[in-house]
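Engineer: Below are the structure tokens for one structure; questions will follow.
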Amino acid sequence: MNWEKNVRKVEPYIPGEQPKRQNIIKLNTNECPYPPAPGVKAALERIQYENFRLYPDANITELSSELAKYYHVNKEQVFVGVGSDDVLAMAFLTFFNSDKPVLFPDITYAFYDVWAELYGIPYKQIPLTDDFTIKSEDYFGENGGIVITNPNAPTGIYKEIGEIEEIIKANPDVVVIVDEAYVDFGGQSCIPLVEKYDNLLVVQTFSKSRSMAGMRIGFAVGQEKIIGYLQDAKFSFNSYTMNQPALAVGVESVRDDAYFKETVGKIINTRERMKVEFKKLGFEMTDSMTNFLFVTHPKVAAADIFNAAREEGIFLRYWNKPRINNYLRITIGTDEEMDTLIDFLKKYLA
Ligand code: PMP
């Protein structure tokens, strides 16, 4: 049994449930309720399965170029990975190699501490203020790197990019990662700041606003130097991260900007309507700028609502964690799905 002494023991991140049951309303993992762009379907139909015998393009040339064009950078400034989880994991491995702690909020994407533990990176979780906001000054001290999610998750709160810029500017000696998984739903991206700051890495995903969680596409934008280091790490780990279908459909998704904007617009409208509906039911909430709401009810326990909704086939997200154990994170679904949830809550809370 001695080999177990040498095992790198980790406590894994637990993703939201993917229930096998049919006819459920799935509002627990921030997926988009609408299909990907029509061009994605057409691209899939063009795929020749015989070509699967060949390795995919290790350099991800076409998709990087398409993203570069969309974000007005050059393709050497774009890194693509298997969902933003892959991009972030690679960025932690590449850039957080200091004895000083990497800083991120106590309430944020729960994967950051898991990667830090996995790689043995020292880290410090900085408490959000009582109203769940990130105080820039908390990130001005000595550190080994910074990760800010903007808008933050699961709080949904957006921080103005001027304030994010203060954090980047105050930390020229470390890499600052801005995780923008939800930025398309109303926030402003930090990508334009990349030009000014060589220590900035902006990470985004196709999983939410582009309706492609199942294809696993994420990317990072930074100056050529920082992206070059990420590429070196990737090519020292696994050269062929992206499979052929993912590369083909990713390109088509970026090309169809009208569809993208329409889908995001629908989610935003539903979200704003839901803010009103939830308030009418007595819920309190943050001003979410994402595709989810983060709500609490002053009279009814979040865990009870979570369980009762689940019985009805409505899946929400709940964490039994300090500070947020009376909150629910509710993904914005279609209008019909959300109305069903509201009807259920009306009856349950009555
Ligand atoms: N960052 C944040 C803040 C997220 O909520 C998620 C989704 N779980 C991710 C990154 C990872 O998403 P994906 O790997 O699907 O791109």
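Every number here is computed from the coordinates shown, using simple stated rules; none is lab data. What you are looking at is a predicted structure, and each value in this text was computed from that prediction instead of being measured. Cβ atoms come from the backbone with ideal geometry, glycine included; neighbour counts cover every protein chain shown.
Engineer: At a Förster radius of 22 Å, what calculated FRET efficiency corresponds to the Cβ-Cβ distance of GLU17 and GLU311, to the nearest 0.05?
Structural biologist: On the way: r = 14 Å, r/R0 = 0.64.
Efficiency computed from Cβ-Cβ geometry: 0.95.
Engineer: When we measure straight from the Cα of LYS169, which lysines land under 22 angstrom away, once same-chain ones fewer than 8 places off are left out?
Structural biologist: Qualifying lysines at Cα under 22 Å: LYS100, LYS124, LYS135, LYS159, LYS196, LYS225.
Engineer: Just subtract the alpha-carbon distance of ARG323 and ASN269 from 0.36 nm times their residue separation and send over the number in nm, one decimal. Walk me through the numbers before you get to the answer.
Structural biologist: Details: separation 54, 0.36 × 54 = 19.44 nm, distance 2.90 nm.
Stretched out fully, the ARG323 to ASN269 stretch lengthens by 16.5 nm.
Engineer: If you don't mind, there's one more thing I want to ask. Please state the relative contact order of the chain as a whole percent: Cα pairs under 8 Å, 6+ residues apart? Could the numbers behind the result be given before it?
Structural biologist: Details: 606 pairs, mean separation 82.2, N = 350.
Rounded, it is 23 percent for the chain.
Engineer: Now for a different question. For region 50-255, what is the convex hull (Cα atoms) projected area averaged across all directions, in square nanometres? List each step's numbers first, then the result.
Structural biologist: On the way: hull surface 44.0 nm².
Projected over every direction and averaged, the Cα hull of region 50-255 covers 11.0 nm².
Engineer: List the aspartates and glutamates whose Cα lies under 19 Å from the Cα of LYS41, skipping any in the same chain that are fewer than 8 positions away.
Structural biologist: Here the aspartates and glutamates satisfying the reach criterion relative to LYS41 are GLU31, GLU50, GLU62, GLU66, GLU252, ASP256, ASP257, GLU262.
Engineer: What percent does the relative contact order of region 237-318 come to when contacts are Cα pairs within less than 8 Å and at least six residues apart? Mind showing how you got there, number by number?
Structural biologist: On the way: 38 pairs, mean separation 12.5, N = 82.
Averaging sequence separation for qualifying contacts and normalising by length gives 15 percent for region 237-318.
Engineer: Using a cut-off of 17 Å between alpha-carbon atoms, which lysines can reach LYS279, once sequence neighbours fewer than 8 places away in the same chain are excluded?
Structural biologist: LYS299, LYS346, LYS347
Engineer: If each of SER239 and TRP3 carries a label point 7 Å out from its Cα toward its Cβ, how far apart are those two points in nm?
Structural biologist: 2.9
Engineer: Which is the longest stretch in the chain that no exposed loop site breaks, taking sites as chymotrypsin sites (Phe, Trp or Tyr not before Pro) with a DSSP loop state and at most 15 other Cβ atoms within 10 Å?
Structural biologist: Working: sites that count: TYR13, PHE140, PHE235, PHE237, TYR240.
The longest such stretch corresponds to 14-139.
Engineer: Would you mind calculating the relative contact order of region 50-255 from Cα pairs under 8 angstrom and at least 6 residues apart, reporting the percent as a whole number? Mind showing how you got there, number by number?
Structural biologist: Working: 362 pairs, mean separation 57.6, N = 206.
With pairs under 8 Å counted, the relative contact order is 28 percent.
Engineer: Once the Cα gyration tensor of region 253-323 is found, what semi-axes does its equivalent ellipsoid get, as square roots of 5 times the eigenvalues, in whole Å, sorted largest first?
Structural biologist: Numbers: eigenvalues 157, 42, 28 Å².
Semi-axis lengths for region 253-323 are 28, 15, 12 Å.
Engineer: May I pose another question? How long are the semi-axes of the equivalent ellipsoid of region 1-150, defined as square roots of 5 times the Cα gyration tensor eigenvalues? Whole Å, largest first.
Structural biologist: Details: eigenvalues 215, 97, 94 Å².
Over the Cα atoms of region 1-150, the ellipsoid semi-axes are 33, 22, 22 Å.
Engineer: log₁₀ I(q)/I(0) of region 108-200 at q = 0.12, 0.17 Å⁻¹, via Debye over equal Cα point scatterers, no solvent, to two decimals?
Structural biologist: Treating every Cα as an identical point scatterer, log10 I(q)/I(0) equals -0.36, -0.74.
Engineer: In whole Å, largest first, what are the principal axis extents of the Cα atoms in the chain?
Structural biologist: That works out to 58, 54, 52 Å along the principal axes.
Engineer: For region 50-255, what is the percent of antiparallel DSSP beta bridges, rounded to the nearest 5? Can you show the working numbers first?
Structural biologist: On the way: 8 of 22 bridges.
Percent antiparallel among DSSP bridges in region 50-255 is about 35.
Engineer: Find the centroid of the Cα atoms in region 123-190 and in region 59-82, then give the distance between the two in whole Å.
Structural biologist: Using only Cα atoms to place each centre, the spacing works out to 24 Å.
Engineer: Okay, next question. Which helices of the chain meet both criteria: a Cα extent of 30 Å or more along the helical axis and a mean Kyte-Doolittle score no lower than -1.0, with helices taken as whole DSSP H segments?
Structural biologist: 257-280
Engineer: Find me the longest stretch of the chain that has none of the exposed GluC sites (Glu not before Pro), where exposed means in a DSSP loop (not H, G, I, E or B) with at most 13 other Cβ atoms within 10 Å.
Structural biologist: Numbers: sites that count: GLU17, GLU142, GLU160.
Maximal segment without exposed cleavage sites: 161-350.
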